[in-house]
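The values are calculated or read from the model by the stated rules, or taken from the named source; none is laboratory data. Because the structure is a prediction, the values reported are computed rather than measured. Here Cβ is always computed from backbone atoms with ideal geometry, including for glycine, and neighbour counts include all displayed protein chains.
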Amino acid sequence: MLLVRGVQNLPKDWRGCALTIGNFDGLHLGHRALIERTRLRAQELGLPLTVMCFEPTPREYFRPQSAPGRISNLRSKLADFEAAGVEVVVVQRFGKPFCTLSGLAFIDHIIHQHLRARAVIVGDDFNFGAARSGDMGLLRARGAECGFTTESVPSVVVDGERCSSTAIREALAIPDLSRAARMLGRPYRLLGHVRHGLKLGRELGMPTANLYLLRPPALRLGIYAVEAQLRGEPRPWKGVAALGVRPTLGLTHVLLETHLFEPPGDIYGARIEVEFRHFLRPELRFDSLDALKVQMQRDKLDAMALLR
């Protein structure tokens, strides 16, 4: 899969594509239907399947203090794109002057001039351009003039509910992991590389694999029974994970700390994928490290019982 940072950096040999556009937060079943339809059009045209997404998302750019938490980090999103058969991912930086493009300018300069799209497939709620001024009517009309076809894919309904990133965020905030997993088509997960931390878990008898999160996730902070997959390892590792800011230590940055029940050896720098299976309890502040240590052992036993 070719990853391109900004349409201006797309190699000329990769221009001309079947294109889909969106934030694709979580890559849920609705997104997968969109990508599958784009894949079929790409095969018909003999062109690469290309996805355009945005960093940061428009809501994060315009309203950073009130933007919703991320369902997936960028690394997880890219892994999902690759697994879905996407050939080119254009990660477009969302900011000035990009965000000031009108709907018509977005079509002319981005879709037509830079990407040379021959087919554009989007969701049925797709809007684009400054102030979301572009809609399907404009896209179809201008697309016919520029030489590309346009179609929208209807929403996917799961258990009577429209599958959307908003609905998944609502489920994760509770957290209702089963509801989120049904719309995602898989258990909720976070993916990243194991980093060095404060080594406090080791001092408390429960060493952890740490993932630093650039942006707060949509999942409720707390303690979870998890299964983790290490790149290159054939089997999953069971464990217990703490997603939070570590209030007992007076810290504020969200971190995912995962304790694996079986020692995995030295995994610093390794890619780890953590699937959240059961919610155990919310994050709490303890009066002492001794009290925290006792609770950590209880959490471990609870997670082991749930993951049998």
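One residue stands out among those in the range 224-265 that are among the polar types (S, T, N, Q) and more than 19 Å from ARG202 (Cα to Cα): the one that is surrounded by the most Cβ atoms within 10 Å (Cβ to Cβ), which is GLN229.
Scanning the range 86-122 for residues that are of a type in the set (A, V, I, L, M), more than 21 Å from MET1 (Cβ to Cβ) and in contact with a Cys (Cβ under 9 Å, 6 or more places away or on another chain) yields a single hit, ILE107.
Could you identify the single residue in GLY46, GLY69 that is at positive phi, of a type outside the set (Lys, Arg) and either at pLDDT below 95 or out of contact with any Lys or Arg (no Cβ under 7 Å at 6 or more places or on another chain) (or both)?
Just one listed residue meets the conditions, GLY46.
Please go through the range 30-76 and give me each residue that is touching a residue at least 24 places away in the same chain (Cβ under 8 Å) and of a type in the set (Gly, Ala, Ser), ordered by number. Listed by number, the residues that qualify are GLY30, ALA33, ALA42, GLY69, SER72, SER76. Close Cβ contacts (under 8 Å, 6 or more residues apart or on different chains) running from residues in the range 125-140 that are among the charged types (D, E, K, R) to residues that are surrounded by 14 or more Cβ atoms within 10 Å (Cβ to Cβ) and part of a helix (DSSP H, G or I) comprise ASP135/GLY103.
So that you can scan it fast, the table gives a plain yes or no per residue for (1) closer than 19 Å to ARG15 by Cβ; (2) surrounded by fewer than 18 Cβ atoms within 10 Å (Cβ to Cβ):
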| position | (1), (2) |
| --- | --- |
| SER66 | no, yes |
| SER76 | no, no |
| VAL86 | yes, no |
| GLN92 | yes, no |
| CYS99 | no, yes |
| LEU104 | no, yes |
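Any chance the range 264-282 includes a residue that's assigned to a strand (DSSP E or B) and free of Cβ contacts under 8 Å to residues at least 60 places away in the same chain? Yes, the range 264-282 contains a residue that is assigned to a strand (DSSP E or B) and free of Cβ contacts under 8 Å to residues at least 60 places away in the same chain.
If you go through the range 21-34 and keep only what is within 16 Å of GLU87 (Cα to Cα), over 12 Å from the mean Cα position of the chain (by Cα) and buried (at least 23 other Cβ atoms within 10 Å of the Cβ), you end up with ILE21, LEU34.
Flag: THR20 does not match the condition of being assigned by TED's automatic domain parsing to the domain that holds ALA117, in contact with a Ser or Thr (Cβ under 6 Å, 6 or more places away or on another chain) and in a helix (DSSP H, G or I). Checked against the criterion of being within 22 Å of the chain's Cα centre (by Cα) and closer than 30 Å to PRO56 by Cβ, the candidates PRO282, PRO236, PRO217 yield just one match: PRO217. Of the residues making up the range 95-109, not a single one is free of Cβ contacts under 8 Å to residues at least 60 places away in the same chain, farther than 24 Å from SER152 by Cα and of a type in the set (Phe, Trp, Tyr).
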